[in-house]
1. Restricting attention to the range 25-59, which residues are touching a residue at least 40 places away in the same chain (Cβ under 8 Å), in a loop (DSSP other than H, G, I, E, B) and either within 8 Å of ligand 1 (Cβ to nearest atom) or of a type in the set (A, V, I, L, M) (or both)?
2. Does the range 95-116 hold any residues that are within 25 Å of Ala24 (Cα to Cα), assigned to a helix (DSSP H, G or I) and open to solvent by less than 30 Å² (accessible area, probe 1.4 Å), and which are they?
3. Could you list, in sequence order, all residues of the range 65-79 that are at pLDDT 95 or above and not hydroxyl-bearing (Ser, Thr, Tyr)?
4. Which pairs do you get when a residue that is under 12 Å from Phe53 (Cβ atoms) and among the β-branched types (Val, Ile, Thr), found in the range 75-93, comes within reach of a residue that is open to solvent by 40 Å² or more (accessible area, probe 1.4 Å) and assigned to a loop (DSSP other than H, G, I, E, B), reach meaning Cβ atoms under 8 angstrom, with the pair 6+ apart or on two chains?
5. Restricting attention to the range 187-200, report how many residues are open to solvent by less than 10 Å² (accessible area, probe 1.4 Å) and either part of a helix (DSSP H, G or I) or modelled with pLDDT under 95 (or both).
6. I'd like to verify a number: residues in the range 1-52 that are open to solvent by less than 40 Å² (accessible area, probe 1.4 Å) and β-branched (Val, Ile, Thr), how many?
Amino acid sequence: MSGFTRISLEEKRRVLGEFTEVKAEFASRGWFAGTGGNLSMRIGPYSPEQFFFAVTASGKDKTRSTPEDFLFVDQDGTPCETTSLKPSAETSLHREIYRLTGAGAIFHIHSVFNNIVSEWFWDRRSVPIEGVELIKAFNIWDEDARIDVPILTNYADVPRIVPEITERLDPRIPGLLIRKHGVCAWGKDAFEAKKHLEAFEFLFEYVYRWELLNNRK
Ligand SMILES: CSC[C@@H](O)[C@@H](O)C(=O)COP(=O)(O)O
Ligand SMILES: [Zn+2]
């Protein structure tokens, strides 16, 4: 167990409230198929060396929302309280993203569109997106903005993905793709992380349809 003192009831209620809303919305979009996906929200003070976050428990049905569906861990992924719950198998990815960005929330989901584009553009290790209005959701306002969303290797041993995050995370772009697996998107709070995730999914569907229309693949 981590050395963190206590998580207040108020904090637990806040996390439950935010997770409940996000889960319902993402579930309605089919983004949690087969227990896939995980969510986290940072709580309390932050430094890259020490921070705490709530993370969904591993293997749970993410379309449901109860206080038994998440737990609190520290920057090393160690639970802050005695619990029988296991943190998400992908907690190491969340830890590294928090360490590098100081974000307030990180959402990971699997979709057919994000899986397909991550494979289509695997050769170049990033998905290029140019001039689409919704790039502005990432606070990038140039008229013909171009972004390249990094694609990481989907190692079965999840911690092996971490050095690729360290190397490839672009501070301008609040998201990463994992090849034929899914996307992680983050923001300063749950509202912004959700906004970014929805924008990524819109853009991945756009890229998919655009490539098909233009017979590029
Ligand atoms: C059951 S497939 C999905 C998992 O392998 C994983 O990719 C995932 O997103 C959920 O893992 P979890 O440990 O429940 O957070
Ligand atoms: Zn996953």
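1. Answer for the range 25-59, where residues must be touching a residue at least 40 places away in the same chain (Cβ under 8 Å), in a loop (DSSP other than H, G, I, E, B) and either within 8 Å of ligand 1 (Cβ to nearest atom) or of a type in the set (A, V, I, L, M) (or both): Gly36, Gly37.
2. Ile97, Tyr98, Asn114
3. Passing the criteria: Asp69, Phe70, Leu71, Phe72, Val73, Asp74, Gln75, Asp76, Gly77, Pro79.
4. Thr78/Met1
5. The qualifying residues number 5.
6. 4
The values are calculated or read from the model by the stated rules, or taken from the named source; none is laboratory data. What you see is a predicted model, and the numbers here were worked out from it, not measured in a lab. Heads up, the Cβs are rebuilt from the backbone with ideal geometry, glycines too, and the neighbour counts pull from every protein chain shown. Ligands, DNA and RNA are stripped out before the accessible areas are found, and what is left, the full protein with its side chains, is counted by its heavy atoms. Shrake-Rupley method; radii C 1.70, N 1.55, O 1.52, S 1.80 Å.
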